[in-house]
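Notes for the one structure printed next.
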Amino acid sequence: MSKIRMAFEHGKAFIPFITCGDPDLETTAAAVRAAVRNGANLIELGIPFSDPTAEGPVIQGASLRALQGGVTTDRIFALVRELRRDVRVPMVFMTYANVVFSYGAENFIRTCREIEIDGLILPDLPYEEKEEFLPLCHKYEVDLISLIAPTSKQRIAMIAREAEGFLYIVSSLGVTGARSRIDTDLAAMVSLVRQNTSLPCAIGFGISTPEQARQMAEYADGVIVGSAIVKLTEQYGTEAPERIGAYVKEMKDAVHG
């Protein structure tokens, strides 16, 4: 069984997204540990990329700060090795196909296996082109996580049937970032997913408040929050991990209802 599935075995999962290297990797490590101590079930680690097309200004800014600070893929791999000394929850990378290509796809995915990264999210990888990476992910037992967006429509069933790890349901059109309202018919999307797979599904994009998290948890098996956490890092810098821990606890409590 995929280790990712374990994140959803004890009720609704809360999944924080953290940009690696913003403002530095030591703060990233502290933020991950604070999130786990306060109930995070799975950690989504962002590998910065110079042109993050799925991201709004908050996460774009974090990626730019991290890259300007000298973060590299190898340094992030070293960070995960160090985290795995005591962090046992599943962890996945969120990055872009060019990052994997430029590193060498087999080297990248093999290293993910070696450092115990459980899954890979590539938001710019179309479903129809996943064979670029899927055989290597199978070879090294790293789940290639599929995204389903409001625009997926008739492709939702097909994507769900072939998904691995968990399904990432994108709540809204556009890029990441907090939203005051989420108007997508998520109940219908989740219902169609559940008709085609037994994998857990988590909703992300636009969620920032406990009330939103509570609402999303009514539909899905988990809730993903990124921009609100990255904004705390932007605001508090190296002092952010304690604030992130408190925020994760509040959101986790909301997800559990």
Exercise. Among the residues of the stretch 204-224, which ones are closer than 18 Å to Gly46 by Cβ and in contact with a Phe, Trp or Tyr (Cβ under 7 Å, 6 or more places away or on another chain)?
Worked result: Gly204, Gly222, Val223, Ile224
For this session: Considering (1) at negative phi; (2) more than 15 Å from the chain's Cα centre (by Cα); (3) touching a residue at least 12 places away in the same chain (Cβ under 8 Å), say which one Ala35 fails and leave the rest.
Result: (2)
Exercise. Going by the structure shown, is Ser227 of a type in the set (Ser, Thr, Tyr) and over 19 Å from Phe17 (Cβ atoms)?
Worked result: no
Exercise. So which of Ile156, Ile182 ends up being of a type in the set (Val, Ile, Thr), touching a helix residue (DSSP H, G or I) at 6+ places or on another chain (Cβ under 9 Å), modelled with pLDDT under 95 and farther than 26 Å from Ser63 by Cβ?
Worked result: Ile156
For this session: State all residues of the stretch 75-116 that are hydroxyl-bearing (Ser, Thr, Tyr) and within 23 Å of Arg5 (Cβ to Cβ); if no residue qualifies, say none.
Result: Thr95, Thr111
For this session: Working only within the stretch 65-77, note down all residues that are surrounded by 13 or more Cβ atoms within 10 Å (Cβ to Cβ), part of a helix (DSSP H, G or I) and free of Cβ contacts under 8 Å to residues at least 40 places away in the same chain.
Result: Thr73, Phe77
Exercise. Under 6 Å by Cβ, and 6 or more places apart or on different chains, what pairs join a residue from the stretch 1-28 that is assigned to a helix (DSSP H, G or I) with one that is among the aromatic types (Phe, Trp, Tyr)?
Worked result: Ile4/Phe166
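The values are calculated or read from the model by the stated rules, or taken from the named source; none is laboratory data. This structure is a prediction, so every number in the text was calculated from the model and none was measured. All Cβ positions, glycine included, derive from the backbone under ideal geometry; neighbour counts span all protein chains shown.
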